[in-house]
1. Which loop-located trypsin sites (Lys or Arg not before Pro) does the range C:465-513 contain, where loop means any DSSP state but H, G, I, E or B and the Cβ has at most 15 other Cβ atoms within 10 Å?
2. Any idea what the dipole of the protein assembly as shown comes to, in debye rounded to 20, about its Cα centre with Lys/Arg Cβ at +1 and Asp/Glu Cβ at -1?
3. Can you give the net charge of the other residues whose Cβ lies under 14 Å from the Cβ of B:Asn186, counting K and R as +1 and D and E as -1?
4. Please list, ordered by chain and number, the residues whose modelled amide H lies under 5 Å from the amide H of C:Arg161; skip anything fewer than 5 residues away on the same chain.
5. For the range C:504-602, run through the GluC sites (Glu not before Pro) and keep only the ones in DSSP coil with at most 16 other Cβ atoms within 10 Å of their Cβ.
6. How many lysine pairs are close in the range C:476-626, with Cα atoms under 26 Å apart and the two 8 or more places apart or on different chains?
7. List the residues of the range B:124-138 that lose 30 Å² or more of accessible area once all protein chains are present, compared with their chain alone (1.4 Å probe, heavy atoms only, no ligands or nucleic acids).
8. Roughly what would the spin-label model give for C:Asn378 and B:Thr4, points 7 Å off Cα along C-beta, in nm?
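The values are calculated or read from the model by the stated rules, or taken from the named source; none is laboratory data. Note that the structure is a prediction, hence the values are computed from the model and not measured. As a convention, Cβ positions derive from the backbone with ideal geometry for all residues, glycine included, and neighbour counts pool all protein chains shown. For accessibility, only protein heavy atoms count, side chains too; no ligands or nucleic acids. Shrake-Rupley method; radii C 1.70, N 1.55, O 1.52, S 1.80 Å.
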Amino acid sequence: MAQASADTDQAVATRPGAEAGVVHRRRSRRKLPWPIGFYRTAVGKKWVMALSGIALLGYVLVHMLGNMKVYLGPEEINSYGESLRELGGHLVPRTNLLWLMRIGLILAFAVHIHSAYSLTRMNISSRPERYQGGRDYIAVNFASRTMRWTGIIVLLYLAYHLADLTWGWANPDFIRGDVYHNMVESFSRWPVAILYIVANVALAIHIYHGAWSMFQSLGINNPRYNEARRVFAGAFAFAIGAGNVLFPVMVLTGVIG
Amino acid sequence: MHITLKVWRQTGPDATGRFETYEAPDISPEMSFLEMLDLVNERLIEAGREPIEFDSDCREGICGTCGLMINGQAHGPQRATATCQLHMREFSDGEHITVEPWRAAAFPIVKDLVVNRAALDRIVEAGGFITARVGSAPDANLIPVPKESADAAMDAAACIGCGACVAACPNSAAQLFTAAKVQHLNLLPQGQAQRWSRTQEMVETMELFFGSCTNYGECHEACPKEISLDFIAMMNRDYVKAMLTNRQRDGQKKVG
Amino acid sequence: MTLTLDAKIPSGPLTDKWNNHRFELKLVNPNNKRKFKIIVVGSGLAGASAAASLAELGYEVEVFTFHDSPRRAHSIAAQGGINAAKNYQNDGDSVFRLFYDTVKGGDFRSREANVYRLAELSGDIIDQATAQGVPFAREYGGLLANRSFGGAQVSRTFYARGQTGQQLLLGAYQSLANQIREGSVTLYNKMEMLELVVEDGRTVGIICRDLISGEISAHAAHAVVLATGGYGNVYYLSTNAMNSNATAIWRAHRKGAAFANPCYTQIHPTCIPASDEFQSKLTLMSESLRNDGRIWVPKAYDDNRPPGEIPEAERDYYLERKYPAFGNLVPRDVASRNAKLVVDEGRGVGPLKNGVYLDFADAITRDGRDTIEAKYGNLFDMYQRITAEDPYDLPMRIYPATHYTMGGLWVDYDLMSTIPGLFVLGEANFSDHGANRLGASALMQGLADGYFVIPYTIGGYLSTFLGQPPLPTEHEAFENARRAVEERTRTFLSTKGTRSVDYYHKELGKLVWDNIGMARNRTGLEKAIAEIPALREEFHSNVRVLGSGDSLNSSLEKAGRVADFFELAELMARDALHREESCGGHFREEHQTAEGEARRDDENFSYVAAWEWKGPDTPQELVKEPLTFEHVELTQRSYK
Ligand SMILES: Cc1cc2nc3c(=O)[nH]c(=O)nc-3n(C[C@H](O)[C@H](O)[C@H](O)COP(=O)(O)OP(=O)(O)OC[C@H]3O[C@@H](n4cnc5c(N)ncnc54)[C@H](O)[C@@H]3O)c2cc1C
């Protein structure tokens, strides 16, 4: 039914009558192990995106809650940081469990980003010629429309954030292990504080669509809870956004530090 | 009413198209949008110019043949209404209206405002049926179908296949169409035997032609039959189950 | 040579005819089926069901439709439901009662044997559709629901909300899709059949135009099945889809297939009246609305008050007044004619005074708004979208519109036309409805023809051609037909006249509606016979079809269809003129009782009028197929 054209990954349907000419992607008939086969489909990628999204949401939430120890003073937050490295106590070598979690996180990020990237490519190729007279969207909101951009902002910010507070390259006054000190030093510089604020607003916007959308992608929805999903996504996004934005604000206003 | 129309004209699939502007005076608000286009065409023919090609058939919102992007909205500004049931009273005197064909890689333009939506049929052919040989059906009342399931199946089956969901989706995804087709049958007891093969085949065929769903919800807003996004979620759920079950069934095939 | 019509009605008692016949028909061995190629034109209920079931049997099937998807055939628009003698409601229905009601409803102008078979098969259709996943309405216990429809006194109508036709067509289309996937059906969409090819007295194939590329091609087969729908669009305004047309059957008629009862057309009483001169089609409001709505007009002439201000005493519920037993549920022809009467009297309502009220106020008071909404919500919404009036507050305005054509190509009991190898199904044939079709019976007939009749009867014909391949399309019969089609196309494009195709279609429509519409008389019919050819001449010399033949060109498509409507309209007028009686949808003003009811003439007109083509310049010749009734008693229909 489908005839491959030589140099593209597209095929043209050659059916009788007026149906010829509809282009489509070529289908791979290779039998792959199911998780890979699953991931190759767009619905599968959205599943993976939703699952990794859930992992990342959990991480973001715990990270924020943990950092709130900063309000309790330097000792609390510093020993919180230390305990993370000590996770597992004497049962495992120091930082091993933390690394395990980090690897999990890195993987989640990687598949989240890869699926986003390849779906975006697929979607762009699905409408090579855009609407010339413009579009008037109804359901699309700022959050859903800007997922790609908020995602990229968060990614860039993440790189800076690691350089700033984990590795310390971007922080001239970095003292390894002194979380409290590093945070205060960083946030009391205006440009850095603004960067953090902007990035966390972007993160909140990203979460606002993501935390609603993941139910849809995973198919765990029920018409009865549809309203609740919106509320959940809004509340989650607000909590993360507000919680994270407050750190630099508190430092700038001198509440911390 | 006096309307100024900006209409996409394109002579063939490979030609480059452009907008042309037409003045349409003396339009009655009682006319349907397509009757307005009929009149514009009548006047074009009178002036010796080729009429605008657009698709329509039943003109009562059920065959799914018509479909135009009107002022940037699929089927125009009125909700739950196909283009043929949109009336000029929805517009104001002196309004400028932009009319464009559906746009998607899988819907190549045939001419002017007409596109080829054959890809939707390919999805149905992939598995959107219950194989029931004529002559082999048991008495219709042999299998009771819970009223709720029958109603939900009917909600999905109301899809008219116009393609507005694809046209409206920023990703040109056909998830709403496919989900409606899949779930219509998956929700019924009669549809269970082929449920998992159907789901997998239809989803994978859909992806050969269309973009992916990122849950914008534009499709539902554009849908003349207001098909619910919940069907998409149900299809997503069925798809994973299908992947697993079909593997198991493959295994069963090898037994014995 | 004059045609002789042999209906080939099997012998034996009525109840055994179909069974006996199935046994007597020759079978094609399963391995040989794939050697036979069958072309099915049309993908509506009749065509899709036929193609799917023939393919299941193993025949090589090719389906042609001018639609872009088989699912868009006009069957999709049927709202109300489908009849079946299941007697699930325990209200006394039976195969015989459905048979009887259909023969009586058709005003005793149909074949008993055909109608009985239809009634027998009706239950199987529901079983088949349910197995395919058609989501029929259900009771809370999960079993199928029924309603009473179109004046039937039992509840035998199965329905899927207000979208029964859509759901049944999707069922048939999905079966077709299944066969396309299996490779046993090849689908040619956006392909319009423009000529039938006949060689040596039998059907050998068709000529089609690809509506997108303009290419004209020949297709050969052992048999051709036409399921191309009705010709209601000859009236221009009708409830048919914009593209519904008579070209396929008309071309076949010109090649020798007799056309039966062309004057039997049905005018449906509950449509939304036209709102202005640009109206392109009329929208049907399901007949089921008459179960709860009351029809009335003001008693006074030219009453301009809004309906709410007209007191009860000044309203004329004319159907309830004239027909106390059936009231608002009288059959379609009776309801339509009475609406025309009151509107012609000057008691019409609405801005153009071209409608009557269908009022739900009493039903809403009695059952509550919620109940009415549950039953008719989608219809009310549709009405509101079209008219911008809210039927919960204001009565609906309705008026009759052309809806169905009982006439069509003559077929025998096997559904074969007078050209061997040409089978005709669904609305395109003239079979089972006589002079008037009962509500919810067209879907039944189309599906019975497609799923359960043709798969048997076509075998009987094919079995005699074993070992013979289809005629090659290089054969001169195909070449000549193809050239003729090309020539026709070229002529339209080169006429370069001054008026559009639609202009002529509208003019023709007006002539047909005024003179061959709801009520006919000799003067009007003679006028039509005189004026149609003149208008046709003008059309052929003055039509303006712009653009070219090698791309999508809807004016060109329409031109061919309208040209055929012209010829058909003339035949309708002649048929109506010759039938000096009133029966069903054919009401001759000269033939009515003192009370204005239709008066049949069984003595002289109890026959099928089949017309044989005699060439472009000679009028068709009438051939009669006498109708005999052994199981029903011919009575004057009375709904008083
Ligand atoms: C608004 C409306 C409501 C109705 N409601 C009911 C109801 O409730 N109950 C009921 O029983 N009946 C109802 N009817 C009647 C019933 O729907 C039709 O009679 C029936 O569906 C006709 O089916 P069909 O298969 O014969 O033709 P159609 O469904 O009209 O199909 C015709 C097919 O032929 C194709 N075709 C035609 N000409 C050509 C050509 N030259 N070349 C190629 N292809 C061609 C078309 O593309 C199409 O696929 C209703 C009709 C209308 C208009």
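1. C:Lys496
2. The dipole of the protein assembly as shown has a size of about 3660 debye.
3. Numbers: positive: B:Lys181, B:Arg195, B:Arg198, B:Arg237, B:Lys241; negative: B:Asp155, B:Glu201, B:Asp230, B:Asp238.
So the surrounding residues net to +1.
4. Hits under the 5 Å cutoff: C:Ala137.
5. Numbers: sites: C:Glu507, C:Glu526, C:Glu531, C:Glu537, C:Glu538, C:Glu557, C:Glu567, C:Glu570, C:Glu580, C:Glu581, C:Glu589, C:Glu590, C:Glu595, C:Glu597; in loops: C:Glu580, C:Glu581, C:Glu589, C:Glu590, C:Glu595, C:Glu597.
Filter output for the range C:504-602: C:Glu580, C:Glu589, C:Glu590, C:Glu595.
6. Eligible lysine pairs with Cα atoms under 26 Å apart amount to 12.
7. Buried by 30 Å² or more upon assembly, which counts only protein chains, are B:Val124, B:Glu125, B:Phe129, B:Ile130, B:Ala132, B:Arg133, B:Val134, B:Ala137.
8. 4.1 nm
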